[in-house]
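Data block below; observations after.
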Amino acid sequence: MLYAGQVPDASNLLQSLLEFKFANTNQYDLFHTNLLLASRCLAAYPTVRQRTLRKEIILRLFDILDKTEYSLMEQKIIETLIEIGGKDVNLSLIEIVSNEKARMSLRQTIISELGQVRERSIVPHLVSLLLKFPNNYLNISEKDVFLNLAQALADLKDRLAAPQLMDLLLDTFSYTFLNNFAREAIVEALGKLGDKSVALQLVPLLVDHSLDLSIREKIVNTLGQIGDGSVALQLVPLLIDHSLDLNIRENIVGTLGRIGDGAVALQLVPLLVDSSLDEKITITMTSTDDFVGYGLDDLNLRAAIAYILGRIGDTSIVSQLVPLFLNESLDLNVRGGIAHTLISLKERSLAKDFVKFLSEKKVETAFLGLIAYDLYLLEDKSVIPQLVSLLLDESNHHMNNYIMHTIEEIGDKSVVPQLISLFSAKYLNSFDFDSLVYALDKLGDRSVASQLFFLLADNSLSKMARSYVAIALAGFGYTSVIPQLVSFLLDESLDADERGKIAYALGRLGDKSVTPQLISCISNTKFFHYSPFCSAIFNVLPSLANDDETVKSLIEMLFNADQPGMRNVIFRSVWVICRQAGIRVLIENGNEGKKAILTRTLNYPDKVDE
């Protein structure tokens, strides 16, 4: 590519790449190496006096794009076409998007890539396409394309589409040529676009009872996506309006949390003691980092309000919330929501009170989990002994992995021996063991290795427990556990997800000698039903293998796999290995089937970024 950009005319280089002849006509390049290299050269905008070459390269790319069955190849070709650019290329890509008969995955990938490259010249075409879709009575699959178009326009920072969609939405309320499904799609698209100019127009529609309830619910969610603080104050009165459908009011709670406007926090605090707001609603609550989530369908409205105050994040209300939390006559779930909010706002003075609240276990499990998970935000090591006591109590099993998260984040190594003793606990599940291994890995204390090796040899422990002991030792870099890891990997009585984690641990150790065992596992066709297990191995292999034999084995599996998803996983693994090792793969069609011919090359069509 550097050469192509330096020479006065790159025509000869491009021509030679395109005219590459295979040993026989039954061969083809699995990765289309020369074509992709020529395309990347063309994308560098070299001087090309033989103008037909550009057209030929582009035509060949579109031909492969139409025929390939591999999502990674689709992605690479689309990326290259967009880099080449030009009005003809962009219009051809948009034509594929507008073609309902084209593969859905292809249309979605094109839209996604167009949004990422910030190619402003395509905005009018995308807007035109977006506005055309609702008139076709969107079905489920077309709705996905429609919403991805909106997301692409949002990525391109477009300000043309939202007002036009808004006009279309308002018009549809007096005309019936669009169904509710299309209207809902328009509302969702407005959320994707995120244009605040339409937010104030949407709010009055919430109280228009002539509109279908599902549309009004979508409008509330869209307001949360748009995130315009100016509408938050208008939503609070609707929250306590009992004449409004409860589904809309419960959505308003979540939207206020997403908007996060501190101006409404002071208006929401008095609602925490309003018992008329004890109506049961459905809500999704998450930890402050959104890693842990709970869906509840019977939480009272004011407890939900207590929770979303933490999402709003206004510290000025702390002095009002503390006495409410300490008030034992207040609804327990409201106190649970307040506790999580105070932790989110980093109110450290009540750290031990929060742990005591956990130990009483009188509130919704969701609040217990979120409080246990987010306690690390207080950075208070004095609560560690209390947390360890909870961890060792079987009745608290539903909080185990969240308590371990807090311990690992606070970083107190003194509790490592007690954590190790948990491998012997009968009440831990795979999620708990996963958290335990992660905590040990993060605390990074290799001095406990002797204890772990002792547990590894203890046959009284369950296989699951010992497999996670081996994973923990692998995390400390002990290659001596490789035989045990391989043994667990081959043990079909273990869960597929657990074996996938074992494969990951082997990859992390980086010992290439295990590659044959990994290949042996996945070469057995019955394992293709265990996608988590197989996928883990295929993802690990590029970190271990760079030899021809492994590549040939994987290609054979590629041709034998009967599931498109598995073929894509295998193809990606082969692609990465070959790019790292400089291997070119030619496929020859013979009387006995397909055969892979491998050659070493220094030609890399693109960087290895998978």
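State, as an integer percentage, the relative contact order of the chain based on alpha-carbon contacts under 8 Å between residues 6 or more apart. Could you put the intermediate results ahead of the total?
Working: 802 pairs, mean separation 55.2, N = 610.
In percent, rounded to a whole number, it is 9.
Only protein atoms count toward the accessible area here, which uses a 1.4 Å probe; on region 201-241, the carbon and sulfur part of that area reaches 53 percent. Among the trypsin sites (Lys or Arg not before Pro) in region 464-501, none is located in a DSSP loop while being surrounded by at most 10 other Cβ atoms within 10 Å of its own Cβ.
What's the FRET efficiency of Q451 with T365 using the Cβ-Cβ distance as r and R₀ = 56 Å, to the nearest 0.05?
Numbers: r = 32 Å, r/R0 = 0.57.
My answer for the efficiency is 0.95.
Rounded to the nearest 20 debye, the dipole magnitude of region 74-120 is 100 debye, with +1 charges on Lys and Arg beta carbons, -1 on Asp and Glu beta carbons, and the Cα centre as origin. Listed by chain and number, the lysines whose C-alpha is less than 20 Å from the C-alpha of K594, apart from same-chain residues fewer than 8 away, are K21, K67, K552. Counted residue by residue at 0.36 nm each, then reduced by the alpha carbon distance between them, the extension gain from S275 to S230 reaches 13.4 nm. Note that region 52-174 presents 45 Å² accessible area per residue, ligands and nucleic acids not counted, probe 1.4 Å. The fraction of accessible area contributed by carbon and sulfur in region 253-320 is 49 percent, rounded to a whole number (1.4 Å probe; ligands and nucleic acids excluded).
Taking 41 Å as R0, compute the FRET efficiency from the Cβ-Cβ separation of T599 and D88 and round it to 0.05. Once the sixth-power term is evaluated, E becomes 0.75. Positive contributions from Lys and Arg (+1) and negative ones from Asp and Glu (-1), summed over other residues with Cβ under 12 Å from the Cβ of V481, come out at +1.
Between N12 and L332, the contour length at 0.36 nm per residue exceeds the alpha carbon distance by 107.4 nm.
The modelled label-to-label distance between K132 and F62, using points 7 Å beyond Cα along the C-beta direction, is 1.5 nm. Taking R0 as 22 Å, what's the FRET efficiency between R348 and Q320 from their Cβ-Cβ distance, rounded to 0.05? Efficiency computed from Cβ-Cβ geometry: 0.80.
Would you work out the charge dipole size for the chain about its Cα centre, treating the Cβ of every Lys and Arg as +1 and the Cβ of every Asp and Glu as -1, and quote it to the nearest 20 debye? Display every interim value, and only then the final one.
Numbers: 57 positive and 75 negative charges, 357 e Å.
Approximately 1720 debye in magnitude.
The values are calculated or read from the model by the stated rules, or taken from the named source; none is laboratory data. Computed from a predicted model, the values in this text were never measured in an experiment. With ideal geometry, Cβ positions are generated from the backbone for all residues, glycine too; neighbour counts draw on all protein chains shown. What goes into the accessible areas is simple: the full protein's heavy atoms, side chains included, and nothing from ligands, DNA or RNA. Shrake-Rupley method; radii C 1.70, N 1.55, O 1.52, S 1.80 Å.
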